[in-house]
Amino acid sequence: FGQTILMPFETYQRRYLRGVTMGISWRNNNLPYATRTVWQYLGKRVNKRSLISRCGIYAPNSAALPTAVLSFLTEAQPVAAASVQA
């Protein structure tokens with residue numbers, strides 16, 4: 001079981017969604033987990049095989065990681081929505 005909550009980096013930014021994925025692990029005594037996550041919009045027609053081949057673990061200094069993604073995944077601040085001003 002798992003759940004992902006997503007929100008845009010900025011109000012009108014549509015390329016990336018940031019958020020948190022939470023759930024219960026299926027092994028190791030069913031412990032709960034939570035991790036930051038970033039989803040990127042890739043369009044309506046994509047080559048799924050090509051995308052799957054790019055899945056994996058990337059080093060923090062990898063050129064494949066966009067700056068916005070790396071800074072979100074490595075920042076120490078808690079994940080929070082921007083404050084709403086009335």
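Working only within region 32-45, note down all residues that are farther than 16 Å from F72 by Cβ and not in a strand (DSSP E or B).
L42, G43, K44, R45
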Tell me, which residue of region 1-26 that is farther than 19 Å from V69 by Cβ and free of Cβ contacts under 8 Å to residues at least 12 places away in the same chain is surrounded by the most Cβ atoms within 10 Å (Cβ to Cβ)? S25
With the first residue restricted to region 60-74 and required to be under 13 Å from V38 (Cβ atoms), and the second required to be of a type in the set (A, V, I, L, M), Cβ contacts under 7 Å at 6 or more apart or on different chains are V69/V38; F72/V38; L73/V38
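In this structure, is L65 modelled with pLDDT of 90 or more, surrounded by 10 or more Cβ atoms within 10 Å (Cβ to Cβ) and not charged (D, E, K, R)?
no
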Note on N29: of the conditions (1) exposed (fewer than 14 other Cβ atoms within 10 Å of the Cβ); (2) of a type outside the set (D, E); (3) modelled with pLDDT under 90; (4) assigned to a helix (DSSP H, G or I), unmet is (4)
What number of residues within region 34-65 satisfy the criterion of being out of contact with any Lys or Arg (no Cβ under 7 Å at 6 or more places or on another chain), among the hydroxyl-bearing types (S, T, Y) and under 23 Å from F9 (Cβ atoms)? 4
Given the conditions (1) surrounded by 10 or more Cβ atoms within 10 Å (Cβ to Cβ); (2) out of contact with any helix residue (DSSP H, G or I) (no Cβ under 9 Å at 6 or more places or on another chain); (3) at pLDDT 80 or above; (4) not hydroxyl-bearing (S, T, Y), and given that A82 satisfies all but one, which numbered condition is not satisfied? (3)
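The values are calculated or read from the model by the stated rules, or taken from the named source; none is laboratory data. Bear in mind the structure is a predicted one, so any value in this text is a computation, not a measurement. A quick note on method: Cβ atoms are made from the backbone with ideal geometry, for glycine too, and the neighbour counts reach across all protein chains shown.
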